[in-house]
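Everything below concerns the one structure shown next.
The values are calculated or read from the model by the stated rules, or taken from the named source; none is laboratory data. The shown structure was predicted, so the numbers you read here are calculated from the model rather than taken from an experiment. So basically every Cβ, Gly included, is an ideal-geometry build from the backbone, and we count neighbours across all protein chains shown. The accessibility values were calculated without ligands, DNA or RNA, using every heavy atom of the protein model including side chains. Shrake-Rupley method; radii C 1.70, N 1.55, O 1.52, S 1.80 Å.
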Amino acid sequence: MAETLLEIHDLHAGAADREILKGIDLTIQKGEVHVILGPNGSGKSTLMNVIMGHPGYQVTEGSLTFEGKDITALKTFERARAGIFLSFQTPEEIPGITVENMLRTARQAITGKRERIFGFRKELKEMMEELQIDPSYSERYLNVGFSGGEKKRNEILQLLMLRPKLALLDETDSGLDVDAVQIVSRGVSKFHNADNACLIITHNARILDKLKVDRVHVLLQGRIVEEGGPELVDQINRDGFGHIKETTE
Amino acid sequence: MEQQKTFVEDIERTLYDIRNEDHSVYKTERGLTEEIIRDISRQKKDPAWMLDFRLQSLEKYYRIPLPVWGPDISELNMDDIVTYVRPGGKMAGNWQEVPEEIKATFDRLGIPEAERTSLSGVGAQYDSEVVYHRVQKELSDQGVIYTDFETAVHEYEDIVKEYFMKLVPPKDHKFAALHGAVWSGGSFVYVPEGMHVDIPLQSYFRLNAAGAGQFEHTLIICEKNSSLHFIEGCSAPRYNVTNLHAGCVELYVKEGARLRYSTIENWSRNMMNLNTKRALVEKDGLIEWVSGSFGSHVSCLYPSSILHGENARCEFTGVTFASRGQDLDTGATVVMLAPNTSANINTRTISKSGGAATYRSAVKVTPGAKGAKCLVNCESLLLDEKSRSDTLPVMDIETDDVEIGHEAKIGRISDEAIFYLTSRGIAEEEAQAMIVRGFVEPVAKALPLEYAVEMNNLINMELVGSMG
């Protein structure tokens, strides 16, 4: 039987007194893959940030429930510890903190258990090989001097190492060449199983090639205006958002 | 965006703030008079020349005005400062002879452990007198002298007379003159030609009596082609009366010698730290300064390197962390006098909770310093709106044939970086501490391991309120 992971109810949120999300309802069950489509400025990234608890956005109405618990008031790190993960569209560069150090600190924060250095390193090395990341990158400062593609692969590396219950992927495939999209897509499908779920923003359906999409939501001006199965991805790739705009306006 | 104010404003420093009852056998009158100086000198059984030196310094102290630049030190009243406090014990050659009460304090600071773990000699200064001091036998067998300064004045009088306050003459500034008059305690190290001291020598300084100043003198001589790493650690218990530290460090690095001088200062938050440190570096010599300033109320600290011989080099790495109620003015001075000399200055300053941190440096390249190279890199990090950071690098270049580089940056911790780390499950304070540790990382790398750990602990205490 399906278990509800995330339930978003009538979510209104914005930044600096400007409402961006105007009543979102969305339910994600364990084992599912959801895709959000929508033109630029429709509120896709805001939705991801609000689910993750970005302090720059305020929820003015509605609620977020994760595994039956209201998380609307939780801080970002508490949501992460509950099992939510965000793969950033533009990951931050943070000098002085190595990839390995950050990941080990994060893993310990999430599990509450001390990580043995050697076991952790071995696991990290295997994952890096899987994602074709040069092993020396574990000792490099977080995203500093990484190319766009390397930053995205580093996000997927974190996803695989931290094993959240819900992965929010914000245009993880944008700006990548065909090979890199393949690698990222393989990483996501390696992560995905019956106990977790993905919410994916994409402009490029190729990241979905290896995944079975359950539900597609079309976001327009802060509202979900159309929902459907995987066929909606192809339709919008073919026809764009034009006809949806017309029918909603 | 409003940051959560969850940091611990006033950190718990019980480890450092151990205060014993004042059982001192002898205390000078408050304020500074010729009588006091004669008293100090008599207590120390100074040779006649040293008494003269003290009295001449006192004259200069009266004449020289307070500096008109730098942090405000007007709350300092010398009449309130008991300049000399002698603890209730004689010099002890081994740990058993140290008075119980003093021993308990050192135990809490972990000093005997520090010695047990690979340090070759511990000179611990309690108040103004060295009470516990030992040098491993093999060091003295090799001709290396490591002793407290009073002993040096008597046993190595010729060497002391030749070098003492020649590099930092009392006429230099008011606090150098004060130091010349009232100096007490400190370390003396002599490394003979060609000798490499493999393990670092370490000394701990502590202040205990309320209102007592500390004026320890450190004199290190590294003869030709020798090498040494000297580590100075400072922590003082907290008191209400303003405390003054006006120590003096003189380092002589002879031809081809290398000296690394590391300090992490964590004075209590009422200390005025007006310390003078200077090194004279001869041909092919190298001075490496590693300097961490965390404590004190006010600090003025600019270790200077006089590159006197051809190819003489200076490497300076510094970290300064100013929090509430602190005004820390730190940096470095380099004087390049000979051809192909080089200097590399690399500093990180952090200010939070209304603290003020100033980076101040002076680099002088004289006409004789053809082919000199100097690189300055100073970066500052502001943790909130209330705090202050200033960068004042001065360069005085008197020759064309030089290579000079300067890079200064003042930044803030970006909210997006905090969001990124917290989205990985790391709590906000820890995320901030990680970013600060990352900021000082290039400098922390230069520290010996136990000091890197101590510095990380200090950063954690400031930001997370716990020892890491």
Q) What do you get for Rg/Rh of region B:311-398 when both radii come from the Cα atoms and Rh is the Kirkwood radius? A) 1.10
Q.
Per-residue Cβ counts within 10 Å, from other chains only, averaged over A:70-76: what number is that?
A. 2
Q) Rule-of-thumb check for region A:1-139: C-alpha Rg over 2.2 N^0.38 Å? A) 1.22
Q: In nm, give the distance between the simple-model label positions of A:Thr90 and A:Glu130, each being 7 Å from the Cα along the Cα-to-Cβ direction.
A: 3.0 nm
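For B:Glu193 and B:Arg38, compute 0.36 nm times the residue count separating them, minus their Cα-Cα distance, and round to one decimal in nm.
52.1 nm
If you wrap a convex hull around the alpha carbons of region B:231-365, what volume per residue comes out, as a whole number of Å³? Working shown, then result.
On the way: hull volume 10.3 nm³, N = 135.
Enclosed volume per residue, from the Cα hull, is 76 Å³.
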Q. Counting Lys and Arg as +1 and Asp and Glu as -1, each charge on the Cβ, what is the dipole of chain A about the Cα centre in debye, to the nearest 20?
A. 1000 debye
(Q) Please give the Cα centre distance for region A:175-223 versus region B:139-205, rounded to the nearest Å. (A) 69 Å
Q: Name the long-range amide H neighbours of B:Ser304: under 5 Å, sequence gap of 5 or more, or other chain; modelled H, no Pro or chain starts.
A: B:Lys277, B:Arg278, B:Ala279, B:Thr333
Q: With only alpha-carbon atoms counted, please give the Rg and Dmax of region B:334-468, in Å.
A: 18.2, 57
(Q) Along the Cα→Cβ direction, 7 angstrom out, place labels at B:Lys166 and A:Glu67. What is the inter-label distance in nm? (A) 7.3 nm
Q | Karplus (6.51, -1.76, 1.60) ³J(HN,Hα), θ = phi - 60°, over region A:233-245, in Hz, Gly and Pro reported as x | A | 4, 5, 4, 6, 4, 7, 9, x, 8, x, 5, 5, 4
Q. Which of the GluC sites (Glu not before Pro) found in region B:373-445 are in a DSSP loop and have at most 16 neighbouring Cβ atoms, other than their own, within 10 Å?
A. B:Glu385, B:Glu398
Q. Within the P(r) computed for region A:172-232, what percentage of the Cα pairs occupies the region above 19 Å?
A. 36 percent
Q) For region A:72-120, treating each Cα as an identical point scatterer without solvent, what Debye log10 I(q)/I(0) comes out at q = 0.18 1/Å? A) -0.71
Q. Taking accessible area as the heavy-atom solvent-accessible surface of the protein chains with a 1.4 Å probe, which residues of region A:80-117 lose no less than 20 Å² upon going from the isolated chain to the full protein assembly?
A. A:Ala80, A:Arg81, A:Phe88, A:Glu92, A:Ile94, A:Gly96, A:Ile97, A:Met102, A:Thr105, A:Ala106
**Q.** Extension reserve of the A:Arg18-A:Glu231 stretch, reckoned as 0.36 nm per residue once the Cα distance is removed
**A.** 73.3 nm
(Q) Please list, ordered by chain and number, the residues whose modelled amide H lies under 5 Å from the amide H of A:Ser87; skip anything fewer than 5 residues away on the same chain. (A) A:Leu168, A:Leu169, A:Asp170
**Q.** Chains A and B, summed buried accessible surface - 1.4 Å probe, Å², nearest 100
**A.** 2100 Å²
(Q) Just to verify a number: FRET efficiency for B:Val453 and A:His9, C-beta to C-beta distance, R0 = 56 Å, to 0.05? (A) 0.70
Q: Provide, for q = 0.14, 0.17 Å⁻¹, the log10 of I(q)/I(0) from a solvent-free Debye sum over equal Cα point scatterers in chain A.
A: -0.95, -1.39
Q) How big is Rg to Rh over region A:111-203, alpha-carbon atoms, Rh as the Kirkwood inverse-mean-distance radius? A) 0.96
